[in-house]
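Undergrad: My questions will all concern the structure given below.
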4 protein chains.
Amino acid sequence: MGGKRKKTWRRRVFEILEVADAGDRASQIFDISLLVLILANLVVITLETVEGLTTQYRTYFEVCETVSITIFTIEYLLRIWSCTAAPDFQHPVLGRLKFLFTPLALIDLMALAPFYLPLLIPIDIRFIRFVRLLRVLRLFKLSRYFQSFQVLGNILKSKRDELLVTLMGVFGLLWLASTMMYFIEHDAQPEAFANIPATMWWGVATLTTVGYGDIYPVTTAGRVLGSVISILGIGLFALPTGILASGFTEELDRRKQLPSPEPSTCPHCGKPL
Amino acid sequence: MGGKRKKTWRRRVFEILEVADAGDRASQIFDISLLVLILANLVVITLETVEGLTTQYRTYFEVCETVSITIFTIEYLLRIWSCTAAPDFQHPVLGRLKFLFTPLALIDLMALAPFYLPLLIPIDIRFIRFVRLLRVLRLFKLSRYFQSFQVLGNILKSKRDELLVTLMGVFGLLWLASTMMYFIEHDAQPEAFANIPATMWWGVATLTTVGYGDIYPVTTAGRVLGSVISILGIGLFALPTGILASGFTEELDRRKQLPSPEPSTCPHCGKPL
Amino acid sequence: MGGKRKKTWRRRVFEILEVADAGDRASQIFDISLLVLILANLVVITLETVEGLTTQYRTYFEVCETVSITIFTIEYLLRIWSCTAAPDFQHPVLGRLKFLFTPLALIDLMALAPFYLPLLIPIDIRFIRFVRLLRVLRLFKLSRYFQSFQVLGNILKSKRDELLVTLMGVFGLLWLASTMMYFIEHDAQPEAFANIPATMWWGVATLTTVGYGDIYPVTTAGRVLGSVISILGIGLFALPTGILASGFTEELDRRKQLPSPEPSTCPHCGKPL
Amino acid sequence: MGGKRKKTWRRRVFEILEVADAGDRASQIFDISLLVLILANLVVITLETVEGLTTQYRTYFEVCETVSITIFTIEYLLRIWSCTAAPDFQHPVLGRLKFLFTPLALIDLMALAPFYLPLLIPIDIRFIRFVRLLRVLRLFKLSRYFQSFQVLGNILKSKRDELLVTLMGVFGLLWLASTMMYFIEHDAQPEAFANIPATMWWGVATLTTVGYGDIYPVTTAGRVLGSVISILGIGLFALPTGILASGFTEELDRRKQLPSPEPSTCPHCGKPL
């Protein structure tokens, strides 16, 4: 009896923690509360860095952090406890272990790291900033609720090969352009074009067309090379953009479950093609 | 009899106020006159800000404003009076109320606001500039006459979901990039990268590839992060552009009412293909 | 007899002046000579402006100009004389008059203007530079020989409506963005954002993503507005680019005379669809 | 017998030198070793230019260079010796001569040039840097192993005509824009817009939207011209990018050997659709 009641409880907790089905009020309220809490976290991370605000609202920021950590910890533990309600993670030990390594569970864990890491292991003062930086990962807790993140993830997965091929080309061109520019421009501007890695900063700014203007060729040879590279190379750097765009279109089409544009049966004998 | 004549008048006024049918000379003349007046308004708003011109042509500018307000007011009142001639707004009270909240009627109202608002409610001197700024909304009075505005409106409507999904991704990436860059670059450039909101200005300039050059990373770690973000992130920021472009193509195709590119039946034997 | 021989001569001159048919050696030699002369003209126009070269090679430049004018004049007169050999311009007077107003003939005339204009009418010293600038139009004499120019011309013709619609949107957005930015930023930077036309220079640099960095918002409100305009507006400015690209693809497809992807006959009764 | 054994050896050496078939361990190990060596070369070329590292690791860099030259030389000679195992290069003299002029063999030769050239012919001290620059060509030795290079090569081949047509337009516009801008802006900024070639640097930076900000118009006429050129011309400069992108899509489709999207016959009744 007790076992059964616990099982039912666990299933209910599981349902509430998961993204709500239409009509499940408790789960909807939980989702919205957690969403608000995550967004509040992102706002706090952002505003904490504004000098005037830190001194004035320090207490609020600290309260928000403590509340968040408490709720995120409880949420994480409840997820581990209740995950066995899902068919994929039924085994009490192995299922939970498997659950711990799902992307969403890892994101939840990393969102807690900035608080628990310094408590568990002594952290060098120099790494404190890096540990605090880990809090930005709380952004990805949103991926449970917004399809933008899932769409992006799916695109990166389905277009992985194309992206790798183009990124190889992008890095090859970047290296080639920067190396040639270094040899041409180094004498004229020994500081800005100090070495090839430094010249790559020019390469990135040019080939992405950002063009901050902190570094640019001044010699005639350098400008000719820079012009040729710009005109011919920008197309290569735009390839990942194009791949992403076509992946996005395909992914949205898939989500809309568009009927196949081709007829699925032969118009004469009526049999499937 | 009097009622009937009034009704006919009202219908005629309505026809003249609406975009002209081919052959309706009076309506065409009204359309062109109003178009010229609106464009004159935009020119005046623009030239008023040029110092030399303001002192020299102040009188002309003021005359133009007074004439515009008078005509726009009469136009607005006539539209409300005559709108009952349209099937959608037949009811003398409810129809007119419904008409008042159509987008075009709201635009017409807002175009009058900069003149009437200060007369109706006492306005703080600090808001005078904002009220004057409202005059730019007169631009949208053009939307009655140029299909560009309608095309854009339709695209935004038909692609709303896609744009929202990508804008979520855009803002997510912008926040993530700026937060990481702030943590890396703040110590080296405490003024330019003063806080995360300020760093977002760098993020926008970089990811849109505008790259003014007023703010850019100078540390090695910052430049590596900036390069990776540029190469990978620009594609994400280009997604709204791509959506707009494909929406535009679809919208123009719709307007051309292209016959379906594949005839569904053979014109000779009548059988479906 | 004399009339007939003259007619044959005229036809032959016409053939030589026109773009050569395969196998017509004399015409090919003429085409290549004229092409080289035009390109030499462009090189001279370019190099004349380089200070060191002008003093050193002044004589060569002047010789080139005189030779060019002579040849271009003879070419122009021969074209007018021989054009009656073409079916479209057969009438000795009306045909030639019609020919004079063809785009290519107008280009040929304008290429001569910088030399003959100052001889025909007294030209103010201030306009000398403008008249010299007209020499750049000799570039378009190349359009007879390179399909790039014809392709571009055809695209602009076939996509005129789409380009006009988007350019209206582009200018509307540019005006709106610049006007709002002026009202927000003028107080903080009264010199850079001096008036709305000046602010439009910022608008163009931002919305085209060129971003020279000579003018950019510094206030928080200005940066927020600038960010929103960048993220949302760049897509609008990219529309003409997309139209040009799709027009280019269509035009090249047309030139390749690709067989229509649809079958042109009904597969059952064999009759044309 | 000896001849036959040698022949078998030669075939085996050929197999090992070529990109490995699945299952050929020796060939795989050779491929990976050479790949690592090439990448190490690129890293050394890059890091050599960093001042701190050169003094510290000079010996390592020199060892790497010597080892690379030795291995690349042996590889090159073995390739020439064994190439007769391939059907295309069977003839002991003519086949090898033909092989020497294949793109990959030329790349291998040029990768050796920076070492052997100064030994063979006395090289002016001024050209030493240029000869060292030739080492960057070792990058292309990677093209044997990465399909990115082959994909790019194929795209450039299949889209050659389109790219030439657009590049002609690109250079025409660049020249026209720069020449006009020079005539307008030269008086106001005699240094930045010193002559037409110098103004072309502005043209490239603007039309590619890089916009470093080292040179931009300041006069009203120059800014108006610059705005018009930006808005209208960027589309032309984006055409090569679009061609590259569509070529990339087509090339990847070809590699995937996608079945024709429309079956041409019904699989059941066999009649053409």
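Undergrad: Starting from the Cα gyration tensor of segment C:1-76, take the square roots of the eigenvalues, sort them a ≥ b ≥ c, and report rounded, prolate or oblate (rounded when a/c is under 1.5, otherwise prolate if a/b is larger than b/c, else oblate).
TA: Details: a/c = 4.84, a/b = 2.48, b/c = 1.95.
Prolate shape, in that a/c is at least 1.5 and a/b is the bigger ratio.
Undergrad: How shielded is C:163-176 by partner chains, expressed as the average number of their Cβ atoms within 10 Å of its Cβ atoms?
TA: On the way: counts 2, 3, 11, 6, 3, 7, 8, 3, 2, 9, 3, 2, 5, 5.
Across the residues of C:163-176, the mean count of other-chain Cβ atoms within 10 Å is 5.
Undergrad: So what is the relative contact order of chain A, in percent, for Cα pairs below 8 Å that sit 6 or more residues apart? Walk me through the numbers before you get to the answer.
TA: Values: 206 pairs, mean separation 35.3, N = 273.
Reported as a whole number, the value is 13 percent.
Undergrad: Write down the radius of gyration of chain C and its Dmax, each obtained from C-alpha positions, in Å.
TA: Spelled out, the Cα radius of gyration and Dmax of chain C are 26.3, 86 Å.
Undergrad: Would you work out the charge dipole size for segment B:62-172 about its Cα centre, treating the Cβ of every Lys and Arg as +1 and the Cβ of every Asp and Glu as -1, and quote it to the nearest 20 debye? Display every interim value, and only then the final one.
TA: On the way: 13 positive and 8 negative charges, 19 e Å.
Once rounded to the nearest 20, the dipole reads 100 debye.
Undergrad: Restricting to Cα pairs below 8 Å that are 6+ residues apart, what does the relative contact order work out to for segment C:160-257? Please round to a whole percent.
TA: Values: 69 pairs, mean separation 30.2, N = 98.
Computed value for segment C:160-257: 31 percent relative contact order.
Undergrad: Run lengths n ≥ 4 of DSSP H only: what is the helix-derived mean residue ellipticity at 222 nm for the protein assembly as shown, with -39500 (n - 2.57) per run over all residues, to the nearest 500? Let's see the in-between values first.
TA: Working: 42 runs with 760 residues, N = 1092.
That comes out to -23500 deg cm²/dmol.
Undergrad: Hey, another quick one. Just want the answer: with Cβ charges of +1 for Lys and Arg and -1 for Asp and Glu, which residue in A:Ala238, A:Pro103, A:Pro217 is farthest toward the dipole's positive end in chain A?
TA: The listed residue farthest towards the positive side: A:Pro103.
Undergrad: So what's the gap between the Cα centers of segment D:133-202 and segment B:146-202, to the nearest angstrom?
TA: 31 Å
Undergrad: Still on this model: Quick one: dipole size for segment D:118-265, taken about the Cα centre, charges +1 on Lys/Arg Cβ and -1 on Asp/Glu Cβ, in debye to the nearest 20. Write out the running numbers ahead of the final one.
TA: Details: 14 positive and 11 negative charges, 200 e Å.
Using Cβ point charges on Lys, Arg, Asp and Glu, segment D:118-265 gives about 960 debye.
Undergrad: Take every Cα-Cα pair in the protein assembly as shown and report what % of them are more than 38 Å apart. Write out the running numbers ahead of the final one.
TA: Numbers: 381991 of 595686 pairs.
Counting every Cα pair in the protein assembly as shown, those more than 38 Å apart make up 64 percent.
Undergrad: Related question: Hey, for C:Arg132 with labels 7 Å out along Cα-Cβ, what do the inter-copy distances come to in nm, ordered shortest first?
TA: So the label point of C:Arg132 gives 4.4, 4.4, 6.2 nm to the other copies.
Undergrad: Report, to the nearest whole %, how much of the accessible area of segment A:160-257 belongs to carbon and sulfur atoms, 1.4 Å probe, protein only. Display every interim value, and only then the final one.
TA: Values: 2230 of 3570 Å².
Accessible surface attributable to carbon and sulfur in segment A:160-257 totals 62 percent.
Undergrad: Can you give me the accessible area per residue for chain C, using a 1.4 Å probe, in Å²? Let's see the in-between values first.
TA: Numbers: 14510 Å² over 273 residues.
For chain C, the per-residue accessible area is 53 Å².
Undergrad: Sticking with this structure for a sec: Treating only the Cβ of Lys, Arg, Asp and Glu as charged (+1, +1, -1, -1), what charge dipole size does the protein assembly as shown show about its Cα centre? Round to the nearest 20 debye.
TA: Values: 108 positive and 92 negative charges, 724 e Å.
Rounded to the nearest 20 debye, it is 3480 debye.
Undergrad: Using a 1.4 angstrom probe on heavy atoms only, work out the carbon and sulfur share of the accessible area of segment D:1-159 in %. Show your work: numbers first, answer last.
TA: Details: 6780 of 9730 Å².
Percent of accessible area from carbon and sulfur atoms in segment D:1-159: 70.
Undergrad: Note the direction-averaged projected area, equal to a quarter of the hull surface, for the Cα convex hull of segment A:160-257, in nm².
TA: Numbers: hull surface 27.2 nm².
Convex hull of Cα atoms, orientation-averaged projection: 6.8 nm².
Undergrad: Just list whichever of C:Lys98/C:Lys159; B:Lys157/B:Lys256; A:Lys157/A:Lys256; D:Lys159/D:Lys256 have alpha carbons separated by over 21 Å in the model shown. Let's see the in-between values first.
TA: Numbers: C:Lys98/C:Lys159 27 Å; B:Lys157/B:Lys256 19 Å; A:Lys157/A:Lys256 19 Å; D:Lys159/D:Lys256 19 Å.
Violating the 21 Å limit, Cα to Cα: C:Lys98/C:Lys159.
Undergrad: What ³J(HN,Hα) values, in whole Hz, does the Karplus curve 6.51 cos²θ - 1.76 cosθ + 1.60 give for segment D:75-91 when θ = phi - 60°, with x put for Gly and Pro?
TA: Calculated HN-Hα couplings, in order: 4, 4, 5, 4, 4, 5, 5, 8, 4, 5, 6, 8, x, 6, 10, 4, 5 Hz.
Undergrad: Can you list the distances in nanometres, one decimal and ascending, from the C:Asp24 label point to the identical position in each other copy, with the point 7 Å along Cα to Cβ?
TA: In nanometres, ordered from closest: 5.7, 5.7, 8.1.
Undergrad: Follow-up question, since we're still on this one. Can you list the distances in nanometres, one decimal and ascending, from the C:Leu117 label point to the identical position in each other copy, with the point 7 Å along Cα to Cβ?
TA: Taking the point 7 Å beyond Cα along Cα→Cβ, the inter-copy spacings are 4.9, 4.9, 7.0 nm.
Undergrad: So, one more: If we restrict to alpha carbons, what Rg and Dmax does segment B:108-218 come to, in Å?
TA: 20.5, 54
Undergrad: Taking one equal scatterer on every alpha-carbon of segment A:2-145, how large is log10 of I(q)/I(0) by Debye at q = 0.10, 0.17 1/Å?
TA: -0.41, -1.03
Undergrad: What is the gain in length, in nm to one decimal, between A:Ile32 and A:Leu106 on full extension, counting 0.36 nm per residue of separation less the C-alpha to C-alpha distance?
TA: Working: separation 74, 0.36 × 74 = 26.64 nm, distance 2.13 nm.
Roughly 24.5 nm would be gained on extension.
Undergrad: Using each residue's phi in segment A:107-113, evaluate 6.51 cos²θ - 1.76 cosθ + 1.60 at θ = phi - 60° and report the 3J(HN,Hα) Karplus result to the nearest Hz, with x for Gly and Pro.
TA: Listing the rounded values in order: 4, 4, 5, 5, 5, 8, 3 Hz.
Undergrad: In square angstrom and rounded to 100, what buried accessible area do you get between chains B and C, total over both, with the probe at 1.4 Å? Walk me through the numbers on the way to the answer.
TA: Details: alone 18170 and 18140 Å², together 32490 Å².
Answer for the B-C pair: about 3800 Å² buried.
Undergrad: Where the centre of each part is set by its Cα atoms, how far does segment C:61-109 sit from segment B:213-257, in angstrom?
TA: Taking the Cα centre of segment B:213-257 as reference, the centre of segment C:61-109 is 49 Å away.
The values are calculated or read from the model by the stated rules, or taken from the named source; none is laboratory data. Owing to the predicted nature of the structure, the values given are computational and were not obtained by experimental measurement. Positions of Cβ are backbone-derived with ideal geometry, glycine not excepted, and every protein chain shown enters the neighbour counts. Please note that ligands, DNA and RNA were not included when accessible areas were found on the heavy atoms of the full protein model with its side chains. Shrake-Rupley method; radii C 1.70, N 1.55, O 1.52, S 1.80 Å.
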